[in-house]
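Just below is one structure, and these are the notes that go with it.
The values are calculated or read from the model by the stated rules, or taken from the named source; none is laboratory data. These numbers come from a predicted model, not from an experiment. With ideal geometry, Cβ positions are generated from the backbone for all residues, glycine too; neighbour counts draw on all protein chains shown.
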Ligand SMILES: CC(C)(COP(=O)(O)OP(=O)(O)OC[C@H]1O[C@@H](n2cnc3c(N)ncnc32)[C@H](O)[C@@H]1OP(=O)(O)O)[C@@H](O)C(=O)NCCC(=O)NCCS
């Protein structure tokens, strides 16, 4: 009985925390992404009891094309991460929720970091083998071909956003991938992730498909709709709609 009582007493505080978190997300979506992404965010939240809705842009980059200059607004050093950087990133993942890709330890994952002084302010990854993750959970993947690389999991520390750091790292990643012999790069960006799309688009990537996924709460199948663009990513010839068994 005391357990039930204390749970009832804690309920208003939990509800208040949730409302505060949601309102912060709404304000930040409206401020940095705009009105349509806000409507999309609300639609996703509304549908979330039924399942997870996502709309992603597939970007492609011919690595032979010139790479534009980028001028970050702060003095930042971009390098391939070494063992100590990876250790630091794992700590940041534990303490501050930085994203670490699930295959981080595979030899075909290459991590780049941006530092201001000794502080890591950004990490971003290139996959040099394996697959493109259209969805991680449940996994929907497409194997990379020879000469193809996948750019993924870019993250800038909250306090350093809006200083062109992502753009600067993405530029270094393009130069590196070209230098080591890749011919083509892919990246997936949420269609409503305007901050990320800006960096990708200013560096000459082209959106070649827009794909909608719906994963039901108890998924056995995931609904995939190639809204426009490249049709052959799921091996289904010219079909736009796929039910992928998971
Ligand atoms: C997407 C992300 C990596 C961009 O990093 P960044 O270093 O801020 O990128 P840039 O400085 O090049 O800025 C891109 C845009 O962010 C927006 N922005 C500016 N200040 C911002 C702030 N304080 N907070 C959030 N976004 C801001 C602006 O629209 C800016 O565009 P502009 O340069 O034309 O003004 C970063 O927002 C992030 O880590 N987001 C969470 C993870 C994520 O979405 N990763 C991408 C997965 S594909």
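Residues to consider are 215, 189; find the one that is crowded, with 20+ Cβ neighbours inside 10 Å, more than 30 Å from residue 114 (Cβ to Cβ) and in contact with a strand residue (DSSP E or B) (Cβ under 7 Å, 6 or more places away or on another chain).
Values: 189 fails: more than 30 Å from residue 114 (Cβ to Cβ).
After ruling out the rest, the residue left standing is 215.
Which numbered condition in (1) touching a residue at least 40 places away in the same chain (Cβ under 8 Å); (2) within 16 Å of the ligand (Cβ to nearest atom); (3) touching a helix residue (DSSP H, G or I) at 6+ places or on another chain (Cβ under 8 Å) is the only one that residue 160 fails?
Single failed check for residue 160: (3).
Only one of these is touching a residue at least 12 places away in the same chain (Cβ under 8 Å) and assigned by TED's automatic domain parsing to the domain that holds residue 170: 141, 128, 105. Name it. Full working, then the answer.
Details: 141 fails: touching a residue at least 12 places away in the same chain (Cβ under 8 Å); 105 fails: touching a residue at least 12 places away in the same chain (Cβ under 8 Å).
The unique qualifying residue is 128.
Checking residue 119 against (1) surrounded by fewer than 17 Cβ atoms within 10 Å (Cβ to Cβ); (2) at negative phi; (3) within 7 Å of the ligand (Cβ to nearest atom), which test does it fail?
(3)
Checking the conditions here, which among 202, 178 is in the same structural domain as residue 151 (by TED's automatic domain parsing) and either touching a strand residue (DSSP E or B) at 6+ places or on another chain (Cβ under 7 Å) or surrounded by fewer than 16 Cβ atoms within 10 Å (Cβ to Cβ) (or both)?
On the way: 178 fails: either touching a strand residue (DSSP E or B) at 6+ places or on another chain (Cβ under 7 Å) or surrounded by fewer than 16 Cβ atoms within 10 Å (Cβ to Cβ) (or both).
Among 202, 178, only 202 is in the same structural domain as residue 151 (by TED's automatic domain parsing) and either touching a strand residue (DSSP E or B) at 6+ places or on another chain (Cβ under 7 Å) or surrounded by fewer than 16 Cβ atoms within 10 Å (Cβ to Cβ) (or both).
Filter the stretch 29-46 down to the residues that are surrounded by 12 or more Cβ atoms within 10 Å (Cβ to Cβ), out of contact with any helix residue (DSSP H, G or I) (no Cβ under 7 Å at 6 or more places or on another chain) and either assigned to a loop (DSSP other than H, G, I, E, B) or in contact (Cβ under 8 Å) with a residue 60 or more places away in the chain (or both) and list them by number.
The answer is 40, and nothing else.
Considering only the stretch 141-152, I want to know if a residue exists there that is under 23 Å from residue 89 (Cβ atoms) and touching a helix residue (DSSP H, G or I) at 6+ places or on another chain (Cβ under 7 Å).
yes
From the list 109, 60, 65, which one is surrounded by fewer than 17 Cβ atoms within 10 Å (Cβ to Cβ) and within 16 Å of the ligand (Cβ to nearest atom)? Outline the logic, then answer.
On the way: 109 fails: surrounded by fewer than 17 Cβ atoms within 10 Å (Cβ to Cβ); 65 fails: within 16 Å of the ligand (Cβ to nearest atom).
One residue alone meets the criteria, 60.
Determine whether residue 215 is at pLDDT 85 or above, under 29 Å from residue 64 (Cβ atoms) and outside any loop (DSSP other than H, G, I, E, B). Step through it out loud before you land on a result.
Details: at pLDDT 85 or above: yes; under 29 Å from residue 64 (Cβ atoms): no; outside any loop (DSSP other than H, G, I, E, B): yes.
So residue 215 fails the test.
All but one of (1) within 30 Å of residue 50 (Cα to Cα); (2) in contact with a strand residue (DSSP E or B) (Cβ under 7 Å, 6 or more places away or on another chain); (3) surrounded by 14 or more Cβ atoms within 10 Å (Cβ to Cβ); (4) touching a residue at least 24 places away in the same chain (Cβ under 8 Å) hold for residue 242; state the number of the condition that does not hold.
Condition (4) is where residue 242 drops out.
Which of the residues spanning the stretch 229-246 are within 22 Å of the chain's Cα centre (by Cα) and either part of a loop (DSSP other than H, G, I, E, B) or modelled with pLDDT of 90 or more (or both)?
Residues satisfying the conditions are 230, 231, 246.
Within the stretch 216-239, does at least one residue satisfy the condition of being within 16 Å of the ligand (Cβ to nearest atom), within 22 Å of residue 62 (Cβ to Cβ) and assigned by TED's automatic domain parsing to the domain that holds residue 78? So that I can check it myself, show each step before the final result.
As a first pass, look at the stretch 216-239 and keep what is within 16 Å of the ligand (Cβ to nearest atom): none.
Looking for residues that are within 16 Å of the ligand (Cβ to nearest atom), within 22 Å of residue 62 (Cβ to Cβ) and assigned by TED's automatic domain parsing to the domain that holds residue 78, one finds none in the stretch 216-239, hence no.
For the stretch 219-239, what are the residues that are in contact (Cβ under 8 Å) with a residue 60 or more places away in the chain and closer than 18 Å to residue 191 by Cα?
224, 227, 229, 230, 233, listed by residue number.
Looking at residue 130 and the list (1) modelled with pLDDT of 95 or more; (2) closer than 21 Å to residue 183 by Cα; (3) surrounded by fewer than 19 Cβ atoms within 10 Å (Cβ to Cβ), which single condition is not satisfied?
For residue 130, the failing item is (1).
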